[in-house]
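What follows is one structure encoded as structure tokens, with my remarks underneath.
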Amino acid sequence: MDRRAMLAGAGALGAVALLPGHAAGLAGPASRIPAVPPLPGPGLDAVARPRGLRIGTCLAQARPGADAGSLANPAYAALVERDCGLAVPENALKWQAVRPGPDRFDFAGFDMILHDAERRGLAMRGHTLLWHYDKWFPRWLIEHDFGAHPVQAAERMLRRHVETVCRRYGTRITSYDVVNEAVDPADGSMRSTALSRAMGSPEAVLDVAFHTARAAAPHAELVYNDYMSWEAGNEKHREGVLRLLEGLRRRGTPVDALGVQSHIGVFAPTTSVEEVVAGIAPAWRSFLDRVVAMGYRLVVTEFDVRDRGLAAAIPQRDRDVAAFARAYLDIMLSYPQLNDLLCWGLTDRYSWLRSFEPRPDGQATRGLPYDADFRAKPLYVALRDALAAAPVRPPRPART
Ligand code: G3I
């Protein structure tokens, strides 16, 4: 039995971590992370594998004394070892983290994440070679002067970034979000950024990014990643992503899959999650059918559940989150083009949602499989059951 299989079957975890100093978000001189309760039965990835699926999560960078979702945190590492065979850096491989300047790279943070992940037998995704949105560019890039020949200068900068990352990590990264969120959900247009203004068009930026990634990482799955959704009001975002995908195919740009972030949510106050569930399939299957008809595969890249429209009472809220998530996951897992499903964290304790989108009632969002004390919730059971019921699919085709 390999190390991963052994860890995945581990029942009694009981990891207790003592963090010296103040931990972010936890009071007291020495923060105590609660013990991870044992959970009988195989982990999520072990349930997924016989179906041709893999389960993963994002990993934060370890910060001294910080209570974070990193593998340096024994409690979080225990969950990852139990439930995951795949990982992705939450922030450590973004331009803001690795590119402090036009002529400087700093991979120390991601190197540590990758080392710790490989020791645990985790496969690694690369997120992201380019978040095509000025809001998330480093300040120096937005203000950069591309000189008298901006097209060539910007293309050289972008190529250098993609080549530097891809060549540094080689086959240690098996799939990349080459471009993230290039479509403006407000009108479906492609975002204008400092790079696209210098290179002449957003299409030129995407084509350079994907072609360079293919040349520098011929083994890797290349993904366009975005957060489109099915609800009324998201039509322009879906149509904009479909136009982007059609354009990539028309221009012969090498893209293997659409990353479906899956930050799903119940946003408007609702007392009937069944009504919300009934509203998913029609528009969402129509969108996904058009994507796979273009020959794209699918990756669920950042799954979590935003529950602000649900009543605060936890037992009922957890049941509704689980029912909503199960309905969504059954749709996604019905596509044989899907092999990898990653959560954007495993425990509510470290979810980005806690700061990004607090509930109006001030209660903590409960959108991940484990609660803030590492206890499995009904959402964990819903995810595990959806995986167990998923149709078996061929493994993701290896790129030669
Ligand atoms: O590391 C610094 C820290 O040194 C500093 O003291 C602190 C206060 O400014 O900021 C810290 O950086 C923060 C970083 O998360 C690490 O915690 C950034 O400000 C903050 O903007 C960043 O937020 C991340 C966000 O992407 C923007 O990069 C979230 O953690 C992360 O969950 C979120 O993930 C995105 C995906 O990449 C793309 N899809 C949507 C998803 C959710 O927004």
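The values are calculated or read from the model by the stated rules, or taken from the named source; none is laboratory data. Bear in mind the structure is a predicted one, so any value in this text is a computation, not a measurement. Neighbour counts run over all protein chains shown; Cβ positions are idealised from the backbone, glycine included.
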**Prompt:** Among the residues of the stretch 118-158, which ones are over 29 Å from E221 (Cβ atoms), small (G, A, S) and part of a loop (DSSP other than H, G, I, E, B)?
**Reply:** G147, A148
**In the stretch 81-94, the residues that are near the ligand (Cβ under 10 Å from one of its atoms) and among the hydrophobic types (A, V, I, L, M, F, W, C)** = V88, A92, L93
**Complete:** When every residue in the stretch 361-388 that is small (G, A, S) and part of a loop (DSSP other than H, G, I, E, B) is compared, the one nearest to M332 (Cα to Cα) is G367
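Tell me the residue from S272, S286 that is away from the ligand (no atom under 16 Å from the Cβ), more than 17 Å from M228 (Cα to Cα) and of a type outside the set (A, V, I, L, M), please.
Only one candidate qualifies: S272.
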**Request:** Could you list, in sequence order, all residues of the stretch 14-63 that are assigned to a strand (DSSP E or B), within 16 Å of the ligand (Cβ to nearest atom) and at pLDDT 95 or above?
**Result:** G56, T57, C58, L59
**Item:** Qualifying residues in the stretch 173-203 (those that are under 20 Å from P254 (Cβ atoms) and in a loop (DSSP other than H, G, I, E, B)) - the one farthest from the ligand (Cβ to nearest atom)
**Value:** S201
**Item:** Tally, over the stretch 121-149, of residues that are among the charged types (D, E, K, R) and within 12 Å of the ligand (Cβ to nearest atom)
**Value:** 2
**Request:** Consider A325 carefully, then state whether it is more than 16 Å from the ligand (Cβ to nearest atom), exposed (fewer than 15 other Cβ atoms within 10 Å of the Cβ) and either touching a residue at least 40 places away in the same chain (Cβ under 8 Å) or assigned to a helix (DSSP H, G or I) (or both).
**Result:** no
**Asked** Under the condition of being touching a helix residue (DSSP H, G or I) at 6+ places or on another chain (Cβ under 6 Å) and crowded, with 20+ Cβ neighbours inside 10 Å, which residue from the stretch 217-243 is farthest from A257 (Cα to Cα)?
**Response** W230
**Request:** Just give me the residues in the stretch 258-281 being free of Cβ contacts under 8 Å to residues at least 24 places away in the same chain and outside any loop (DSSP other than H, G, I, E, B), in sequence order.
**Result:** E275, A278
**Prompt:** Within the stretch 328-360, how many residues are modelled with pLDDT of 95 or more, part of a loop (DSSP other than H, G, I, E, B) and away from the ligand (no atom under 16 Å from the Cβ)?
**Reply:** 4
